[in-house]
Amino acid sequence: MKLQIISAQEVIYTGEVTSVTLPGTMGEFTVLQNHASLLATLASGKIRYVDAAGNAQSTDITGGIVDVDNNIISVCLY
């Protein structure tokens, strides 16, 4: 899967991942390979992801939206 995390100022992360856990406004959720398409709003919290090398990483956010489609996860931060 490809993860892209962007804000108005910069590209925070772009790369291959095996899982992504996001702080949705209705609760935390995890996206894995071949996840159904979705569009959701994000609350303040941490985006946690595991890159292709198996390294766990995280990014603090204050909110945003996520689009998941065809194994591409696009996060736009406020």
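Computing Rg and the Kirkwood Rh from the Cα coordinates of the chain gives a ratio, Rg/Rh, of 0.91.
With a simple spin-label model that places each label point 7 Å from the Cα along the Cα-to-Cβ direction, the separation between Ser19 and Ala40 comes to 1.4 nm.
Accessible area per residue for the chain is 56 Å², calculated with a 1.4 Å probe on protein heavy atoms, without ligands, DNA or RNA. Each Lys and Arg contributes +1 and each Asp and Glu -1, all at the Cβ; summed about the Cα centre of the chain, the dipole is approximately 100 debye.
The relative contact order of the chain comes to 33 percent, based on Cα pairs under 8 Å that sit 6 or more residues apart.
The values are calculated or read from the model by the stated rules, or taken from the named source; none is laboratory data. Because the structure is predicted, anything quoted here is derived from the model rather than measured. FYI the Cβ positions are ideal-geometry reconstructions off the backbone, even for glycines, and counts take in every protein chain you see. Just the protein is used for accessible areas: all its heavy atoms, side chains included, with ligands, DNA and RNA removed. Shrake-Rupley method; radii C 1.70, N 1.55, O 1.52, S 1.80 Å.
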